[in-house]
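The values are calculated or read from the model by the stated rules, or taken from the named source; none is laboratory data. These numbers were taken from a predicted model, which means no experiment stands behind them. Please note: Cβ atoms are built from the backbone with ideal geometry, for glycine as well, and neighbour counts cover all protein chains shown. Just the protein is used for accessible areas: all its heavy atoms, side chains included, with ligands, DNA and RNA removed. Shrake-Rupley method; radii C 1.70, N 1.55, O 1.52, S 1.80 Å.
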Amino acid sequence: MSHTELVEQVHRHTHESMISVEEARERILRCFHVLDVESKPILDADGQTLAEDIVGPFDIPPLDNSAMDGYAVMSEDVRGASDDAPATLRVVGSVAAGQLPQDRVTPGAAVRIMTGAPIPDGADAVVPFEDTDEMARRAVGRTLSEIAVRSEVPPSANVRPAGQDVSAGETVLGRGSVLRAAEIGVLAALGRRSVEVVRRPVAAILATGDELVGVGEELEPGRIYDVNSYSIAVAARRAGAIPRMLGIARDNVEDLNAKLEEGLASDILITSAGVSKGDYDVVKDVLARRGQIGLWSVRMRPAKPLAFGMLDRPGGSPVPHLGLPGNPVSALVGFEQLGRPAILKMLGRTRLARRVVQAVLEEPIHNYDGRRVYARAMVTKKNGAYYARLTGHQSSNILTSMARANGLAICPEDVDVKQAGESVEVQMIDWPEDVF
Ligand code: AMP
Ligand code: MG
């Protein structure tokens with residue numbers, strides 16, 4: 001096919017009718033799969049998906065042990081004990097956490113015991129220090145060869161049974177669970193140094209545009225700093241990917257080809273700009289020559305124009321390419337709807353959507369052309385209900401209103417206006433602790 005034919009084909013696709021956000025997401029997600037497994041030291045596996053079932057190799061706790069500092073006793077020996085009628089027991093030994101008991105508890109005897117120490121044979125309960133006269137004895141310099149117990153305890157009181165937390169042979173963490181602090185702690189309790197998890201995807205990030213200047217470089221008149229590389233890289237990292245910054249490609253075939261080459265060593269290539277109908281939008285033309293590309297109009301505002309395709313990789317499987325629009329808010333909102341779920345799927349997550357809250361809208365959201373509007377909003381909670389107010393200018397180039405937002409309030413495609421006071425769905429992109 002000649003270059004002209006390719007471009008024509010691309011332009012036909014450009015005029016393809018609009019598809020819904022769901023349709024776009026489904027088409028994209030079909031091209032992604034859960035990634036392969038890697039072994040990670042447990043400290044570094046935080047946030048990754050478990051790729052093995054974790055079976056307890058032994059009981060935790062390993063032995064019946066004490067939940068309190070106190071005295072291990074036969075509960076029968078202290079039945080009916082009270083302040084007025086304490087039960088006096090011989091103290092025949094003591095045991096601390098990490099030791100094995102050396103002494104048996106026989107009728108009329110007790111063993112001094114610390115939290116976590118194994119229960120001596122013969123004992124069936126622990127009396128806490130507070131329910132004995134130990135303090136009083138110490139205060140007047142009396143020995144602890146005897147102890148007066150001032151309250152009764154039922155059998156098993158303050159005894160933590162062996163295997164209560166984990167019993168040998170039991171599956172404690174299932175494949176597919178996401179590792180957080182507690183799960184990492186469970187792995188440590190089992191003595192695991194490393195764990196099998198789904199590898200994190202590498203997301204190659206490429207900005208395109210002749211007008212862009214890299215952060216740290218001098219800003220010449222008429223040019224702007226590259227925003228999308230940074231915002232998309234961070235959004236990708238927050239989704240769980242490892243961003244690889246490819247920098248800026250100029251709007252010419254040679255530069256773009258060179259940068260794309262670098263992007264092939266990744267699990268997803270995310271570009272921004274060059275997918276609309278502008279004169280200098282070479283991204284779509286170049287991509288059309290390197291693999292399959294679809295140029296879509298997604299029924300959403302912002303982020304209507306979108307490119308998605310599979311780039312040929314010599315000697316390897318094709319690399320999915322997500323081409324986001326150039327305006328910074330469009331790029332971020334497009335990534336939220338279509339890029340983040342792909343990354344989560346590669347990570348082995350099953351929940352791919354953001355949390356949605358139902359909020360009372362505080363000002364209207366207008367829908368001009370039958371697209372689903374994602375309006376930048378700040379959600380707050382008052383008297384147990386959520387309220388959403390818009391965060392200012394909603395043009396797709398106004399990034400500060402995105403910076404002030406914690407969610408995207410949705411006006412559905414078939415609704416002309418969502419009025420103030422109406423209930424609105426808000427997709428939460430952040431859940432700040434200071435608000436909720
Ligand atoms: P385009 O898709 O190339 O027509 O770009 C749409 C708008 O987004 C233009 O105003 C661009 O200058 C702007 N834009 C594109 N890429 C970036 C970027 N990386 N950072 C900031 N603005 C951008
Ligand atoms: Mg451009």
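How many residues, within segment 309-338, are within 15 Å of ligand 1 (Cβ to nearest atom) and more than 21 Å from ILE398 (Cα to Cα)?
Within segment 309-338, residues that are within 15 Å of ligand 1 (Cβ to nearest atom) and more than 21 Å from ILE398 (Cα to Cα) number 1.
Looking only at residues that are of a type in the set (S, T, N, Q) and more than 14 Å from ligand 1 (Cβ to nearest atom) in segment 242-282, which one is farthest from THR208 (Cα to Cα)?
SER266
Which condition number does ASN252 fail, the rest of (1) under 29 Å from THR391 (Cβ atoms); (2) open to solvent by 10 Å² or more (accessible area, probe 1.4 Å); (3) not hydroxyl-bearing (Ser, Thr, Tyr) being met?
(1)
Provide a single number: the residues in segment 263-273 that are open to solvent by 40 Å² or more (accessible area, probe 1.4 Å) and closer than 10 Å to ILE205 by Cα.
0
Quick check: anything in segment 34-44 open to solvent by 40 Å² or more (accessible area, probe 1.4 Å) and closer than 30 Å to SER330 by Cβ?
The initial filter retains those residues of segment 34-44 that are open to solvent by 40 Å² or more (accessible area, probe 1.4 Å), namely 34, 36-41, 43-44.
After this cut, where a residue has to be closer than 30 Å to SER330 by Cβ as well, the list is 34.
For segment 34-44, residues open to solvent by 40 Å² or more (accessible area, probe 1.4 Å) and closer than 30 Å to SER330 by Cβ: present.
For (1) open to solvent by 70 Å² or more (accessible area, probe 1.4 Å); (2) touching a Gly at 6+ places or on another chain (Cβ under 8 Å); (3) more than 26 Å from PRO61 (Cβ to Cβ); (4) without any contact (Cβ under 8 Å) to a residue 60 or more places away in the chain, each residue gets a yes or a no:
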| residue | (1), (2), (3), (4) |
| --- | --- |
| ASP121 | yes, no, no, yes |
| MET135 | yes, no, yes, yes |
| SER151 | no, no, no, no |
| GLY174 | no, no, no, no |
| ALA182 | no, no, no, yes |
| ALA188 | no, no, no, no |
| LEU206 | no, yes, yes, no |
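Would you list the strands (runs of 3 or more DSSP E) that sit entirely within segment 10-109 and hold 1 or more residues that are out of contact with any helix residue (DSSP H, G or I) (no Cβ under 7 Å at 6 or more places or on another chain) and without any contact (Cβ under 8 Å) to a residue 40 or more places away in the chain? I'd like the intermediate steps shown before the answer.
On the way: elements: 37-41, 70-73, 87-95.
Result: 87-95.
Could you run through segment 374-404 and say how many residues are open to solvent by less than 20 Å² (accessible area, probe 1.4 Å) and farther than 17 Å from ASN327 by Cα?
Count: 4.
In segment 274-285, what residues are surrounded by fewer than 24 Cβ atoms within 10 Å (Cβ to Cβ) and among the hydrophobic types (A, V, I, L, M, F, W, C)?
Once the filter is applied, which keeps residues that are surrounded by fewer than 24 Cβ atoms within 10 Å (Cβ to Cβ) and among the hydrophobic types (A, V, I, L, M, F, W, C), segment 274-285 yields only VAL282.
Give the residue, chosen from SER82, SER17, SER2, SER75, that is modelled with pLDDT of 95 or more, surrounded by fewer than 16 Cβ atoms within 10 Å (Cβ to Cβ) and among the hydroxyl-bearing types (Ser, Thr, Tyr). It would help to see each step written out before you state the result.
Values: SER17 fails: modelled with pLDDT of 95 or more; SER2 fails: modelled with pLDDT of 95 or more; SER75 fails: surrounded by fewer than 16 Cβ atoms within 10 Å (Cβ to Cβ).
Exactly one of SER82, SER17, SER2, SER75 is modelled with pLDDT of 95 or more, surrounded by fewer than 16 Cβ atoms within 10 Å (Cβ to Cβ) and among the hydroxyl-bearing types (Ser, Thr, Tyr), namely SER82.
Out of segment 216-249, which residues are surrounded by 16 or more Cβ atoms within 10 Å (Cβ to Cβ), of a type in the set (D, E, K, R) and either within 16 Å of ligand 2 (Cβ to nearest atom) or at pLDDT below 95 (or both)?
ASP226 - this is the single residue of segment 216-249 that is surrounded by 16 or more Cβ atoms within 10 Å (Cβ to Cβ), of a type in the set (D, E, K, R) and either within 16 Å of ligand 2 (Cβ to nearest atom) or at pLDDT below 95 (or both).
Looking at VAL234 and the list (1) within 30 Å of ASP77 (Cβ to Cβ); (2) not in a loop (DSSP other than H, G, I, E, B), which single condition is not satisfied?
(1)
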